[in-house]
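Engineer: Pasting a structure here, questions to come.
The values are calculated or read from the model by the stated rules, or taken from the named source; none is laboratory data. This one's a predicted model, so the numbers in the text were calculated from it and none came from an experiment. Here the Cβ positions follow ideal geometry from the backbone for every residue, glycine too, while neighbour counts run over all protein chains shown. Remember, those area values only see protein heavy atoms, side chains included, never the ligands or the DNA or RNA. Shrake-Rupley method; radii C 1.70, N 1.55, O 1.52, S 1.80 Å.
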Amino acid sequence: MNPQGREAASVPARAAETLQLPDDLQLPASTLPPKAAPAWQGSALRRRLLLRAVVGVAGFAALVVGLVFILGFVTRPYWADFVRVPAIVTSQRPYFSRGDHCDLSLEFTLDGRDHTATFDPASTCAGMPKPGTTVTASVDPADPSYALIVGLDQSQRNVPYVLAFMGSIWLGISGVIIGLGLSTYRQARILAATAQWKRLSATVLPRYVYKNATELTLQAPGRDGTPQIFQLTYSGRGPWPNRPQAGHVTELWILADGGRQVLFSGPDCQDPAAGRAHVPNSFELRTMGI
């Protein structure tokens, strides 16, 4: 084989012994034998991510159904078979609950039977119909105690808009959280199916814990031998039985394809963990004092 052929044949071998991280950072790393590599199928990580995705989707569906049900209930006076009847205001009762309110007591006849109901226009008693005034009431024939005074029900008409606005915010936030969970599971599954586990030794630099997240800064030699710094961010304590200590050299097993989502483990770990890889820029390195 000529030298050019030997050089071309060596390219895949070199690529196979390289760990690809974000921002095109490549680190020399050996490939783990398949028998030694952490398993994805049947792992606690896979079950946890899958359970989180399933619960998230089910919760989102329940939230949508609940919002539709509530909106249907509060708009019932305007689309259901409510009946309009003349009613007499019998009394006013002012009260305070997060503001001044006024209960208006009503008497009316529906299907030949006398009924009473109470309506709160979400306003003070000033300017409300006085006792003895005849008004038009919209009455639920299935429950005549529930009635609205036509023309004074603007507050009730606004409730669906407020609920729809708040519901859309909750749906949006929930959708983002669920989308992140689904994306984490999908990317982890793709990594497990397409990438190879790599092994490299790295020196542990500062480790920061933010509530339930850990940011681990690591240093390993690059392809030209110069030290390269990257970070792993993950939930909880990670896969290690004992957390890596600053200044120590640790052996890392990493499954990565150049994206930010990675799976990682180690020789003393029972299960892999999911995390995000990041290559800090010069400004971030100066901020960390490195």
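Engineer: How would you rank 46-57, 180-191, highest first, on the average number of other Cβ atoms within 10 Å across their residues?
Structural biologist: 180-191, 46-57
Engineer: Go through W79, W240 and list them by solvent-accessible area, largest first, probe radius 1.4 Å.
Structural biologist: Ranked list, largest accessible area first: W79, W240.
Engineer: Can you give the accessible area of Y208 in Å² (nearest 10), computed on protein heavy atoms with a 1.4 Å probe?
Structural biologist: Its heavy atoms expose roughly 90 Å² to the probe.
Engineer: Any chance you could check the Cα centroid distance between the stretch 145-160 and the stretch 201-265 for me, in angstrom?
Structural biologist: 60
Engineer: Between N281, A58, C102, whose Cα lies farthest towards the positive end of the dipole of the chain when Lys and Arg beta carbons carry +1 and Asp and Glu beta carbons carry -1, centred on the Cα centre?
Structural biologist: N281
Engineer: As I understand it, the value is the acute angle between the Cα axis of helix 154-194 and the longest principal axis of the Cα atoms of the chain; what does it come to in degrees, rounded to 10?
Structural biologist: With both axes taken from Cα atoms, the answer is about 20 degrees.
Engineer: At a 1.4 Å probe, what is the % contribution of carbon and sulfur to the accessible area of the stretch 144-290?
Structural biologist: Looking at the stretch 144-290 in its full context, I get 56 percent from C and S.
Engineer: Using the Karplus curve 6.51 cos²θ - 1.76 cosθ + 1.60 with θ = phi - 60°, what ³J(HN,Hα) values do you get for each residue of the stretch 23-39, in whole Hz, with x for Gly and Pro?
Structural biologist: 6, 6, 7, 10, 10, x, 7, 8, 7, 6, x, x, 5, 8, 5, x, 8
Engineer: Something else: What lysines sit close enough to K35 to cross-link, taking a C-alpha to C-alpha distance under 23 Å and skipping anything fewer than 8 places away on the same chain?
Structural biologist: Hits, sequence-local ones excluded: K198.
Engineer: If you find the alpha carbon centre of the stretch 271-290 and of the stretch 57-74, how far apart are they in angstrom?
Structural biologist: Value for the Cα centre distance between the two parts: 41 Å.
Engineer: Tell me which cysteines of the chain come out unpaired when the rule is another cysteine's Cβ under 4.7 Å.
Structural biologist: C269
Engineer: Residues of the stretch 181-276: accessible area per residue at 1.4 Å, in Å²?
Structural biologist: Solvent-accessible surface per residue comes out at 50 Å².
Engineer: Given R₀ = 22 Å, FRET efficiency for T136-D114 by Cβ-Cβ distance, to 0.05?
Structural biologist: Taking R0 as 22 Å, the efficiency between T136 and D114 is 0.80.
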